[in-house]
1. Classify the stretch 117-160: rounded, prolate or oblate, from the alpha-carbon gyration tensor (a ≥ b ≥ c, eigenvalue square roots; a/c under 1.5 rounded; otherwise prolate if a/b is larger than b/c)?
2. Is any residue of the stretch 130-171 close enough, with backbone N under 17 Å, to a label point placed 7 angstrom from the Cα of residue 60 along the Cα-Cβ axis, and if so, which?
3. Residue 215 to residue 86: extension gain in nm, 0.36 nm per residue of separation minus the Cα-Cα distance?
4. Taking a ≥ b ≥ c as the square roots of the eigenvalues of the Cα gyration tensor of the stretch 50-107, is the shape rounded (a/c under 1.5), prolate (a/b larger than b/c) or oblate?
5. Taking 0.36 nm per intervening residue step and subtracting the Cα-Cα distance, what contour gain separates residue 110 from residue 69 on full extension?
6. Which of 39, 68 has the fewest other C-beta atoms within 10 Å, and how do the rest follow up to the most?
7. May I ask you to derive the relative contact order of the stretch 65-177, considering only C-alpha pairs under 8 Å and at least 6 residues apart, and to give it as an integer percent?
8. Quantify how much of the Cα-Cα distance distribution of the stretch 138-179 extends past 12 Å, in percent.
């Protein structure tokens with residue numbers, strides 16, 4: 001292959017890769033400048049891998065009938081990729097009380113120790129068990145976060161005042177559940193499956209090793 005053509009192709013591939021993996025989160029320094037808002041902030045102190053945060057924020061949890069059928073009006077979604085090099089993310093909110101559902105996805109891809117984990121956080125409420133279609137949610141009034149089970153956590157509601165910061169701190173803690181997953185071997189491309197097996201081996205799902213702590217400033 002012509003050397004110039006090869007270099008051009010390589011640069012184009014790198015550019016496409018950077019675009020496809022670009023971080024959609026807004027830089028925190030560009031957000032936390034307006035004193036008319038309070039800020040709901042995420043901070044990650046896990047040293048290895050990355051944490052993807054996807055939060056749906058709303059103001060009325062009474063009509064929630066499941067994680068994907070919850071307050072269809074007056075809600076918005078925020079997405080962030082928290083890496084060790086860029087560990088925090090802030091969402092500006094007007095004064096008032098908010099509720100949210102957050103999905104956390106953790107991943108660490110390094111030679112033969114690939115790890116992944118998923119966690120759901122309910123902010124200010126939890127779903128009633130057993131499910132009651134007429135009254136599906138329960139307010140959460142404690143001022144600390146607690147695990148409902150291995151992959152679900154409930155935290156206080158988000159209460160905003162001028163210049164306030166309500167923070168969720170993520171750190172590595174005790175592993176409460178784990179399992180071996182061969183999900184990466186189900187790739188339709190047999191070559192990718194073989195490479196994944198060689199590189200990752202069996203994937204260890206550390207279900208709830210993430211410690212979730214709520215703090216206010």
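1. Verdict is oblate for the stretch 117-160.
2. Answer for the stretch 130-171: 134-139.
3. Stretched fully, the residue 215-residue 86 segment lengthens by 44.5 nm.
4. In terms of gyration-tensor shape, oblate.
5. 11.1 nm
6. Working: 39 20, 68 8.
Ascending number of Cβ neighbours within 10 Å: 68, 39.
7. Computed over the stretch 65-177, the figure is 23 percent.
8. The calculated P(r) of the stretch 138-179 puts 72 percent of pairs beyond 12 Å.
Where a number appears in this text, it was derived from the coordinates with a stated rule and is not lab data. In this text the structure is predicted, and so the values were computed from the model without any measurement. Note that each Cβ is placed from the backbone with ideal geometry, even for glycine, and that neighbours are counted across all protein chains shown.
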